[in-house]
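Below is one structure, written out as C-alpha cells; comments come after it.
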Amino acid sequence: MKVPHKALVALADGEHFVVLRNDGQILDPKLTKVAEPDVEATNFSAGVRHQDHVGQRIGATDLSELAHGAAVAEWLNAKAIAGDFDDLVIIADPKTLGEMRRHYHVELKNRLVAEIDKTLTGEPLERIEKALADA
C-alpha cells in the first residue's frame with residue numbers, strides 16, 4: 001500500500017487509540033508515535049443499530065467499545081476540519097471500523113487514503129509497518 005510521507009495512521013479498537021505518522025517513504029513506511037489521545041466515549045447509542053440478530057439476543061455487542069469508535073471518529077473529524085493533516089490511514093478491528101465509518105465527516109473522507117480492518121493495537125511498530133507495506 002502507498003502511504004504518503006507524513007500521513008497520519010490512526011490505530012484504533014474498542015478501547016485504545018493511537019496516532020502514528022509515516023516518516024518513511026511512500027512504499028516503505030517508518031512510523032513514529034505522535035499521540036495517544038484520550039477520547040471520551042459519550043455516544044452510547046452509536047452501536048445499537050450495529051448489532052446483528054445473534055448479538056442482540058445474547059448481548060454480545062459491547063456498546064462501550066462502539067461508543068469509543070464513534071469518539072475516535074469524532075476526534076479525527078475535528079482534526080480534519082481544522083486542517084491538521086492531509087492524508088490519513090485508519091487501521092481498526094472490523095466492528096470498530098464499521099462504527100467509525102458511520103461518523104465520518106466529508107472532510108475526513110476527503111483526506112482518507114485507506115482503511116485496514118485488522119486489530120493491530122498493541123503490536124510493535126515494525127509489525128504495523130509491515131501490515132501497511134503488504135496491504
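A few remarks follow.
- Given (i) 12, 39, 32, 14, 2; (ii) 13, 44, 31, 10, 1; (iii) 13, 47, 35, 5, the label whose value is P(r) over Cα pairs in 10 Å bins from 0, in percent derived from this model: (ii)
- Fewest-first ranking of T121, T32, using other Cβ atoms within 10 Å as the exposure measure: T32, T121
- Neighbour counts of other Cβ atoms within 10 Å put F85, F17 in the fewest-to-most order F85, F17.
- The label-point distance for S64 and A131, in a model that sets each label 7 Å from Cα toward Cβ, rounds to 2.3 nm.
- Full-extension gain in nm, R102 to D23, via 0.36 nm per residue minus C-alpha separation: 25.5 nm
- Fraction of antiparallel bridges per DSSP, the chain only, in percent to nearest 5: 50 percent
- Relative contact order of the chain, pairs being alpha-carbon contacts under 8 Å that are 6 or more residues apart, as %: 29 percent
- DSSP H segments from the chain that extend 20 Å or more along their own axis, Cα-based, with Kyte-Doolittle mean of -1.0 or above: 63-81
- Taking other Cβ atoms within 10 Å as a rough exposure proxy, R102, R127 sort from fewest to most as R127, R102.
- Total lysine pairs under 16 Å (Cα atoms) in the chain, excluding pairs fewer than 8 apart on one chain: 10
Coordinate-derived values only; no laboratory data. On a predicted model such as this, the values are computed, not experimentally measured, just so you know. Positions of Cβ are backbone-derived with ideal geometry, glycine not excepted, and every protein chain shown enters the neighbour counts.
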